1. Principal axis extents for region 561-665, Cα atoms only, whole Å, descending order, please.
2. What aspartates and glutamates sit close enough to LYS441 to cross-link, taking a C-alpha to C-alpha distance under 13 Å and skipping anything fewer than 8 places away on the same chain?
3. With labels modelled as points extended 7 Å from the Cα through the Cβ direction, what inter-label distance (nm, one decimal) is found for ILE702 paired with LYS319?
4. Rounded, prolate or oblate: which fits region 342-462 when a ≥ b ≥ c are the square roots of the eigenvalues of the alpha-carbon gyration tensor, with rounded for a/c under 1.5 and prolate only if a/b beats b/c?
5. Take peptides 394-402, 573-581, 598-606, 690-698 and line them up by average Cβ neighbours within 10 Å, highest first, as a rough protection proxy.
6. I'm a student and want to see the number: the projected area of the Cα convex hull of region 198-322, averaged over all directions, in nm².
7. Straight-line reach only, C-alpha to C-alpha below 15 angstrom: list the aspartates and glutamates that LYS689 could link to, leaving out same-chain residues fewer than 8 apart.
8. Modelled label-to-label distance, ALA652 and TRP626, 7 Å Cα→beta-carbon offset: nm?
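Quick note: the coordinates plus some simple rules give every number you see, no bench work behind them. This is a predicted model, so every value here is computed, not measured. Here the Cβ is made from the backbone with ideal geometry for all residues, glycine too, and neighbour counts use every protein chain on show.
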Amino acid sequence: GRGGQGATTWQGTEWHRAPDMVICETDFATFVTPKSRKRGTTGGDMASFSPMHSNAASLIQRKGGAGSATLPLLPATRKNGIAAARSSSETWYGGLCRQDLLPAPQGGRQKESVSPCTPTTPHHHHRHGLVHSSSPGERFRSAARTVSTVRTVAGAGRTLLRGQQRPSSSSGCDSPKTAPRSPPISATSSQDPGSPFLAKRQPSSPLPGLFRDLCDGSGCDIERVEERGITATQLRKLLSHTNKRCQREQWQQDGVRLTIRNVNLYQTVDNVIKPATRRRRCSFVELIADGAQPPLWFVSHWWGEVVCRFVLVIQQHAKDRRLPAHAPYWVCAYANNQWNLEEASFTDLEKSSFRKAVNLAVGTLSILDEASACYKRVWCCFEVWVTLSVEDLQYDMYTVTSEGFAVGIVDGIAPIDMRKGRAENAYMQKHDRERHFPLQKANDAMSVRLQDAQASNDTDRCYILNSIIGSPQLAVCPPNEHVCYEELNTLLRARFAAAAWRNALEAGGSMDLYIGSLRNSTLRQLVLDFTCSSAFTDEAAAQLAAALPQSLEVFRLGLCGCMRLSNTGVKLLAAAFGNNLQEVCVNITRCEKLTDDALAALVRAIPTNIRKLQLDLGSLPCITDWGLQCVAELLCSAPHLEDLWLDMSYSANLQDAARILGNSLPRTLQNVRVVLVGCPWITSSDAEKAIRGALEGCEANIEVFADDTAV
């Protein structure tokens, strides 16, 4: 490839030119020539080529078709600190291999690039790391026996040789982990005095030529399995490699032709992961990573899922969560050593690589395949059970729609939903994004039965089920029914019911499955948002009231802009509140049909042991001081209240709100936020004086917002 800085395609091969050099690779050697070398200069006398002799000029001759091509070489020279064999002619043989070599970044890790010796004719074969040729020319064979590949380390100022005997390395070795590791040969070794290729012998690339496109680095050793996450960028390279090979090699499974659209992880392991890691006997992540990659997210999925759909979901999840391209995801097939699965400690689930990876991550991403088979696999159920049983771990569910795009239901508000800043806008963005989630997938998940889940290895199933029920004998056959099974079943069903409730409501179908799944659960936290939903009527409020579990401790309900909701619906919801509530957040802003009766019913249903209360009552034209007095009664009777958020903005009929609140605030409060903007009878000075005066002497954070002047 000549001319330009980018890639050049020549005789069907794409070439990339590095800033200082041109890469020329034959079946037995790679030669690096200075980029500035002019075409057509003569090379002087020709001699047999041997890179171990400094004063040898050489001629490499290959027969090819109707004629032959020559690449005369001059003795090695240095240019910009890089030892290189200089070419006197840039006439290249047409069957050269592709090579990518770029200098290492400043202050970063050196990047190595090496090409394999791949014979292109039946006269060439490999034996013990050498390439032999039956083609004419003893000088050609002498060169081939001496060196199989010249490898240049960009930016290192040396050229490396790969011969028959190679030392191992803790990073990037191509031998099994149990192989002895010998020190590299010094550049000043007497074995090759005066060589133009003065360099240390280095471990060869961990990747055979067939798998060279999987990574740019030389691999590494990562001792802890839980720190072997894989990034979206690395997954895309794997997908590209799989696409090329399944087409070229015409992969088949049970007589069915495999393409990138139907290759699953089982086939990827058999055709890519295990062959690529055969020499090193390591995990796939260790083969392609430059160091430990602790996971940000744990991925729970079925191996039968199509790999291209899997990668599509990972990319969409990273986009929704605003994660960088190098954010690692822990995926068992790539993290576990497929040659040594004992290191994953499957027999001790508490110490298994799965459990440790979950503990490192901020949450779990469940990928639902087309048939929702993941919830029929016992490992997937176990991973979700671990996630839901650990406090503060997030749980996201994603799938690929029939139209071919990934969509997910995230735990809470995703960063991508916060583009417009305001919380109510974020909930609207969340709904717009999640409404494309296939409702049937949620219905399938709500029929999960842990005791019916299967595993490829029945021993795993016994270990997992016995671990969940707390049996000390993990290897025995687990019982068919157990109360612990049902706890997990109801927990999973409730999470899906809550996540898909609004979609199901607006779809207009039966809500019986959702009501039963939520009511029979032991959920302690429930967050539902119906902002600006025209489907949330009094009937919908009655359905939600029938589904609220009494175990709730945290309940957040967003009803902002639900114009069809009346006092009747609010009273039904309030009557379903349990006595265990510790945190209540209700937003009924712009629900214009609501009056003081609805507000009174709502606050009187909240238990007095409440610790955090948030009421958004803005833009309610029918709310008066009497309704606010009902709120004040709750505040007076809540001895453990610590956080209060009260928004009554643009309530035109509130006249004495500052005094009412000032006389009712408990001195246990630590954080207070009161919004009275747009209330024409209240000034900011009056509100500040009343509220701060009531909490004088308390170490509380107080925020009061009101207009500067009254009407």
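1. Largest to smallest, the principal-axis extents are 33, 32, 17 Å.
2. Counting by Cα, and skipping residues close in sequence, LYS441 has these aspartates and glutamates nearby: ASP369, GLU370.
3. 4.9 nm
4. Since a/c reaches 1.5 but b/c is at least a/b, the shape of region 342-462 is classed as oblate.
5. Averaged packing, sorted descending, gives the order 598-606, 394-402, 573-581, 690-698.
6. Mean shadow area of the hull around the Cα atoms is 9.4 nm².
7. Leaving aside aspartates and glutamates fewer than 8 places away in the same chain, those within reach of LYS689 are ASP656, GLU703, ASP707, ASP708.
8. So the two model labels end up 1.9 nm from each other.
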